[in-house]
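Notes follow the structure.
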Amino acid sequence: MTEHFLIKSPEALIEWLESYNWFDGAHLSNFSTGQPIPHYENSPPAVITFDLTYMSAGNFVAGTDKTLSGFRVRASGVSEFTASEPQVYDENYHIAGIEVDDECAKLRMHMADNIWLTCDQLDIVRKPDRLSKISPCLSDSEVSFAVSGMSKPTPEWWIQRFAQYGVDVAWRILGGAAVRPEDVPLNDYTGWFLLEREEFGKTNNGLMIRHTSESDDGFYMRMEWWHPHLTSQVKIWSALAKIVGSWEKCEVTCGNCSLTNKDWARIVADGDEHLASLYPGTERLNRYFPRIRTVDLDCLPAQAPIGAQVRHDFKALLSFYSADAGGRQTYFVPQQLYKPDFCYKAFPDEFFMIWPTFLADNEVPFERELLVDISQPIKALMTIVSDDSRIAVHQKRIAPGTEFYLCEGSRIVAEGKVLDVLDL
């Protein structure tokens, strides 16, 4: 028999919410409004339906099984339905519980971070349970690793290893100047920061050593990057991935994912595709780490060496979507290190490697590795990586006015239009 609740008083609502822990950590989704919630601030519809979904079995480890339980809620006699700002409410939107205004004669609930709903009655029906898998969620700023068969590195070791990958870092305490590695405590440098020398004066912190410990067989370390928007994040995270990836025996934890050191290094370098391959069957990739997609610092389009002349096939105007519109979480990308997928608007299921070199207002390319502001439409020189597809596909399709998308994994992050054909 289907579980059914008919709630008409604040007391009954509180009793029901208490029995489900006030839906702390639940999902709020499937509103029946058909329009943005703030639109109904003054004249809401009389009836609104939505879903409350919670995890009734499982844990939060990426790739493990979970059971989703929930209810379809029908609110009638609605007199208030407001939100302080627009928000997409789907099965990936967690709420911190539902609060009840027990001084109101009607049913008045505070849901999510910014939604108020006042109504006369709630008709609640349980939905069938659904089995799913926990989606991977990578931290945008924190990673830890447990290393076997190796003593904890010295402060000087870190300086030398970063230098091997072209990153000139120095140690500091919070807000302090650069110090010599021999002045950093050898046995425990917890709380100290590593920062690229050219970034001193721009921030008070950097890459923090959050925790270290040693055992007879190895060591453990947790690192946290305090300002992932800085230019040095591109170099430091890529170099750190290579350092960790070079260790023979190492286990990495990032967000809710437990990874081999090789897999973590590939995710930093290659992006969503490799992460998806590690967790088949998950519904969505929550890849917040790193915010700026990075690749091997020794790689240019078509594997050209640093400083080599890169062939530009056409010029385009790119318009990146905002985060609210489903685009990137940051409006900065590193010049010649940003390598999205390309698809034609007319052929949305075909993806190609065509990568941008961004142009400044004077039509001159930005310097390599510089973080480029893409918050406004920006011109770029586009390079077709595959010579075979250049001839077989793109010579027939590329012309002034041709429209296309840039994608990161399955997500469209920008749209573009061909301005001129250059060397195609």
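Just name the residue that is modelled with the highest pLDDT out of those in the stretch 23-43 that are in contact with a helix residue (DSSP H, G or I) (Cβ under 9 Å, 6 or more places away or on another chain) and open to solvent by 20 Å² or more (accessible area, probe 1.4 Å).
Narrowing the stretch 23-43 to residues in contact with a helix residue (DSSP H, G or I) (Cβ under 9 Å, 6 or more places away or on another chain): 23, 31, 33.
From the residues that got through so far, the ones that are open to solvent by 20 Å² or more (accessible area, probe 1.4 Å) too are 31, 33.
Values: Phe31: 82, Thr33: 70.
The extreme case among them is Phe31.
Considering only the stretch 324-346, how many residues are assigned to a loop (DSSP other than H, G, I, E, B), of a type outside the set (Asp, Glu) and either modelled with pLDDT of 80 or more or in contact with a Lys or Arg (Cβ under 9 Å, 6 or more places away or on another chain) (or both)?
Of the residues in the stretch 324-346, the ones assigned to a loop (DSSP other than H, G, I, E, B) are 324-331, 335-340, 345-346.
In the following step, the residues that additionally are of a type outside the set (Asp, Glu) were identified as 325-331, 335-340, 345-346.
Subsequent filtering for residues that are either modelled with pLDDT of 80 or more or in contact with a Lys or Arg (Cβ under 9 Å, 6 or more places away or on another chain) (or both) retains 325-330, 335-340, 345-346.
Final tally of qualifying residues: 14.
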- line: Note on the stretch 357-390: residues open to solvent by 60 Å² or more (accessible area, probe 1.4 Å), assigned to a strand (DSSP E or B) and touching a Lys or Arg at 6+ places or on another chain (Cβ under 8 Å) are Lys379
message: So Asp216 ticks every box in (1) of a type outside the set (Phe, Trp, Tyr); (2) surrounded by 14 or more Cβ atoms within 10 Å (Cβ to Cβ); (3) closer than 20 Å to Ser144 by Cβ but one. Which box is left unticked?
response: (2)
- prompt: Among the residues of the stretch 337-348, is any buried (at least 22 other Cβ atoms within 10 Å of the Cβ) and touching a Ser or Thr at 6+ places or on another chain (Cβ under 8 Å)?
  reply: yes
- request: Just give me the residues in the stretch 398-424 being open to solvent by 60 Å² or more (accessible area, probe 1.4 Å), farther than 25 Å from Gln329 by Cβ and part of a loop (DSSP other than H, G, I, E, B), in sequence order.
  value: Pro400, Leu422, Asp423
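Residue by residue, here is whether (1) touching a residue at least 12 places away in the same chain (Cβ under 8 Å); (2) touching a Lys or Arg at 6+ places or on another chain (Cβ under 8 Å); (3) open to solvent by less than 60 Å² (accessible area, probe 1.4 Å); (4) in a helix (DSSP H, G or I) holds:
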| position | (1), (2), (3), (4) |
| --- | --- |
| Met109 | yes, no, yes, no |
| Asp123 | yes, yes, yes, no |
| Val147 | yes, yes, yes, no |
| Ser151 | yes, no, no, no |
| Glu156 | yes, no, no, yes |
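The values are calculated or read from the model by the stated rules, or taken from the named source; none is laboratory data. Owing to the predicted nature of the structure, the values given are computational and were not obtained by experimental measurement. Cβ sites come from the backbone with ideal geometry, for glycine too, and all protein chains shown count toward neighbours. The area values use the complete protein model at the heavy-atom level, side chains included, leaving out ligands, DNA and RNA. Shrake-Rupley method; radii C 1.70, N 1.55, O 1.52, S 1.80 Å.
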